[in-house]
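The values are calculated or read from the model by the stated rules, or taken from the named source; none is laboratory data. The structure displayed is predicted, hence computed values, not measured ones. With ideal geometry, Cβ positions are generated from the backbone for all residues, glycine too; neighbour counts draw on all protein chains shown. Ligands, DNA and RNA are stripped out before the accessible areas are found, and what is left, the full protein with its side chains, is counted by its heavy atoms. Shrake-Rupley method; radii C 1.70, N 1.55, O 1.52, S 1.80 Å.
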Amino acid sequence: MTKNPSSNQAVNVSNAQADDEIDLRQVGGALLRQKRLIAAISGSALLLSTLYAFTRKPVWEGHVQIVLQNNDRPTSGASALMQSNPGPANLIGINAGESQLETEVKILESPSVLKPVYDFVKASKAKEGEDVSDWSYSNWAKDNLTIELAKGTSVLEIAYRDTQENLILPVIKRISKAYQVYSNRDRTRGLNQAVTYLAEQIKKLKVEANTSMRAAQNFGLANDLGVKDGIGIGAGATAGNIPSGSVENIRNQVQNKVNALQQQLKAAKASGGNHVYVAPQLAANEDLYAKLQSIEAQLQEKSSLLLPNDPSIRALERQRQSLTSVINQQTIGLLIGELQTAQAQLASLNRPHDVILKHRELVRTALQDEKTIAELEGQLQVMQLEQARQGEPWELISTPTLLDKPVAPQKKRIMALGLLAGLVAGSGAALVADRRTGLVFSTDELQSLLPCPLLKHLPAMVQDTWIDAADLLASGPLAETGGNAAIALIPLGNVPSGQLQAFSAELRRALKGRELVVSNDLRKTSECSTQLLLAAPGVVTRTQLSQFSQKLALQGAPLAGWVLIDPELDLG
């Protein structure tokens, strides 16, 4: 029999527009059909979670807060020393960066700090009769400890959880004590290393300093030089600040004296008898100077009374010139004597150039060793003072506190999660169970499994609408056969008998005397002029539909289409 193309097209368009809705409806229908299974699984999950929540031991929690401060900050004297010599600072970690808080937290979580606390807890549990043979530090820390920095601060927040309430505060106090001890541990160890290092260096350098000083002294004695003779101008001194008492200083002074005497001697010789040359370092001849002053007085007196050419004035001028020459000759003689003495002294102070340079090198080495020892001894004193200074441990900004109520189990949450898990598991089991029945509930799936078009979708609960549907079928697809040939109505699966009888009765009425054969035996229906299939959701399996389609293909009789009686169809 020919199918109705327009009817098929309308059905396909309608199905394509409502795919999503149909899928959800199918899932909802499957869940609704298996509601007892869902209720059973959800109830069991809720019961188990309730039993778990009310039988589990309460978990208590305590917490404390500690400020991770820098206890390595030195005193003002130590700070100045560290700036000038960073070696000891590196030993004790003073110059370490301050951006190490995350690393510090990891160290604080490690067994190197908290192993004694873990041992205390383990011993306490064993004393209470608990089996601790399978315990490990990592599992204990992971399950019971929370150690983290407060965001944007250096405040360490520590929380400890345990089912044994009386163990919380002792453990929290031991943790805070262990952290305070750790806060000074590195500083103390670093200071001890620095003191030991400096003491060893001083001991070693003292031997070298004694050797270098002895070498400088022996060389100086052998060459009539003192330690101060090794500090020359090249070592940072000048002619004006050379240490007094050194050969070099005396030699420079004598050389200056020789130069000065030579200049004075030259000036004295140039004076002749014109004027008296006075050397400041020489004592004056009182008798000669007294005579010269007397002549000068007489000459001045006569010059005021007599003419310049007067014989008495000329005689006095000759006496003055003669006496001046005598005084200058006497001064020249004394200057020559002093010059000779100074030159002789200068000659006695001269040393070979190589001797002076070697002596200076030996003295400089000896003094540098002494200076290094003095600096190291100063550093050692500072480190010993730092060692004696009691470092302040990390500050507790909150006292160890036990919360008033247990933090676990959270009974309402556990029950809610149990119920949710039951619903999810029950829904999954319901979908699987519904699928395993093999029954077909979906209109789309029925259409895909049947080899003919859907002619009418009837509501099972409103049988009054079946009258018009039966009339349309009788005058439409079923009327095309012509004549009074029989019509076959083939129910698929276990269509409810009441619905089958009601629909067949309406169809017989509409056929107006034509024979209606109601049977699912294809051998009987093959003699009819056309066949009409009757289906309902959930009354036939996929296997049955597959086998039925194969039989229809073998039978070869015409098919008008199929009618669906749907109990869930809503006419509104």
Quiz prompt | Pairs with Cβ under 7 Å, 6+ apart, first in the stretch 190-214 and under 29 Å from ARG364 (Cβ atoms), second in a helix (DSSP H, G or I) and hydroxyl-bearing (Ser, Thr, Tyr) | solution = LEU205/THR372; SER212/THR365
Self-check item: Within the stretch 384-411, considering residues that are of a type in the set (A, V, I, L, M) and at pLDDT below 75, the one nearest to the chain's Cα centre (by Cα)
Solution: LEU396
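Could you tell me which of the residues ARG320, ARG364, ARG360 is among the basic types (Lys, Arg), without any contact (Cβ under 8 Å) to a residue 40 or more places away in the chain and part of a helix (DSSP H, G or I)?
ARG320
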Practice problem: Evaluate the following for ILE168: is it at negative phi, touching a Gly at 6+ places or on another chain (Cβ under 6 Å) and surrounded by 14 or more Cβ atoms within 10 Å (Cβ to Cβ)? | Solution: yes
Quiz item: So GLY422 fits all but one of (1) open to solvent by 40 Å² or more (accessible area, probe 1.4 Å); (2) modelled with pLDDT of 90 or more; what number is the exception?
Solution: (1)
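So which of ASN249, ASN285 is farther than 30 Å from ASN223 by Cβ, open to solvent by less than 80 Å² (accessible area, probe 1.4 Å) and at pLDDT below 80?
Only one candidate qualifies: ASN285.
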Quiz item: Which of the residues spanning the stretch 3-46 are touching an Asp or Glu at 6+ places or on another chain (Cβ under 9 Å), of a type in the set (S, T, N, Q) and modelled with pLDDT of 70 or more?
Solution: GLN26, GLN34
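For the stretch 189-228: of the residues being outside any helix (DSSP H, G or I) and at pLDDT below 75, which is most open to solvent (accessible area, probe 1.4 Å)? Break it down stepwise before answering.
Step one: of the stretch 189-228, the residues outside any helix (DSSP H, G or I) are 223-226.
Pick out the ones that are also at pLDDT below 75 and you get 224-226.
Values: ASP224: 108, LEU225: 15, GLY226: 31 Å².
This residue is ASP224.
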Practice problem: Determine whether PRO451 is closer than 24 Å to LYS551 by Cβ, open to solvent by less than 20 Å² (accessible area, probe 1.4 Å) and modelled with pLDDT of 90 or more. | Solution: no
Self-check item: Filter pass, GLU338 being within 25 Å of ALA270 (Cα to Cα), assigned to a helix (DSSP H, G or I), in contact with a helix residue (DSSP H, G or I) (Cβ under 9 Å, 6 or more places away or on another chain) and modelled with pLDDT of 80 or more
Solution: yes
Practice problem: Could you tell me whether any residue of the stretch 62-82 is in contact with a strand residue (DSSP E or B) (Cβ under 6 Å, 6 or more places away or on another chain), at pLDDT below 85 and outside any strand (DSSP E or B)? | Solution: yes
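Within the stretch 173-188, is there a residue that is β-branched (Val, Ile, Thr), touching a strand residue (DSSP E or B) at 6+ places or on another chain (Cβ under 9 Å) and at pLDDT 80 or above?
Here is the first cut: in the stretch 173-188, the residues β-branched (Val, Ile, Thr) are 175, 181, 188.
Filter once more, keeping what is touching a strand residue (DSSP E or B) at 6+ places or on another chain (Cβ under 9 Å): 175.
Still in the running and at pLDDT 80 or above: 175.
Yes, the stretch 173-188 has at least one match.
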Quiz item: Taking helices (runs of 4 or more DSSP H) that fall entirely within the stretch 478-572, which contain at least 2 residues that are open to solvent by 10 Å² or more (accessible area, probe 1.4 Å) and modelled with pLDDT of 90 or more?
Solution: 497-511, 542-555
Quiz item: Out of all the residues in the stretch 47-57, which are open to solvent by 40 Å² or more (accessible area, probe 1.4 Å) and modelled with pLDDT under 90?
Solution: TYR52, PHE54, THR55, ARG56, LYS57
